[in-house]
Amino acid sequence: MKDKAGKELSFSEVIIKTIHRISSVILEFEVFLLHIVGHVPSHHIRRFFYRVSGIKIGNGSAIHMGARFYDPRHISIGKDSIIGEGIVLDGREKLTIGNHVDIASEVMIYNCQHDIQSFDFQPICEPVVIEDYVFVGPRVIILPGVTIKKGSVVAAGAVVTNDIEEYSLVGGIPAKVIGERKNRDLHYTLGRAAWFR
């Protein structure tokens, strides 16, 4: 038997590839089911199924409707964080979202991307960390390997390609510092999310 590149495979390589393919199909089916669950208009029901799938979700945190996941098992969300509608959360590598984080609608957080210089277009995966009290505006894209530090604000539509320092206000493509957050003594709570969103 040969692989897609035409290389002859040993029996053990065939077994390993078969097991890998079966586990990939199972994960794809799980992600499909989570996509359906994402349209149930109840935080409590969605949160239950998200936790069952392996997402760690702290007390008081909510993920609004229409969320998409690439692999739920490496996603961790702290307490009192609100994740907006239509978000994409990539868990193929570790994704850590802190406490009291407000992420607006249609944000895309990726921790894997293809190496365009690679001969076989291999993926490059790096963890993404969003620390406490961060606000991410609508339709922001966060790319692999980024850490957004405590109290930072990312303006709507920005593309974050590098780390963001504490209390920075960033915007643009790629995101650059455009200001700073004056209040550095952050102790607020986001409160309860609307039940049917």
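Between E126 and E180, the contour length at 0.36 nm per residue exceeds the Cα-Cα span by 16.8 nm.
Under the criterion of Cα pairs below 8 Å and six or more residues apart, the relative contact order for region 11-180 equals 12 percent. On full extension, the segment bounded by Q113 and N162 gains 16.2 nm, given 0.36 nm per residue less the C-alpha separation. Note on the chain: Cα-only Rg and Dmax are 18.7, 63 Å.
Sorting 86-97, 161-172, 58-69, 177-188 by average packing, meaning the other beta carbons within 10 Å per residue, from highest down gives 86-97, 58-69, 161-172, 177-188. Can you give me the angle between helix 11-37 and the longest principal axis of the chain, using Cα atoms only, in degrees from 0 to 90, rounded to the nearest 10? For helix 11-37, the angle is close to 30 degrees. With 22 Å as the limit on Cα-Cα distance, the pairs of K150/K182; K150/K176; K79/K176; K94/K182; K17/K56; K149/K176 that go past it are K79/K176; K94/K182; K17/K56. Hey, if you put +1 on the Cβ of every Lys and Arg and -1 on every Asp and Glu Cβ in the chain, which of I148, H114, H74 ends up farthest toward the positive end of that dipole? With unit charges placed on the Cβ atoms, the residue in question is H74.
Every read-out reported here was derived from the displayed coordinates using simple, explicitly stated rules and does not represent laboratory data. Just so we're clear, the structure is a prediction, and the values are computed from it rather than from any experiment. Please note: Cβ atoms are built from the backbone with ideal geometry, for glycine as well, and neighbour counts cover all protein chains shown.
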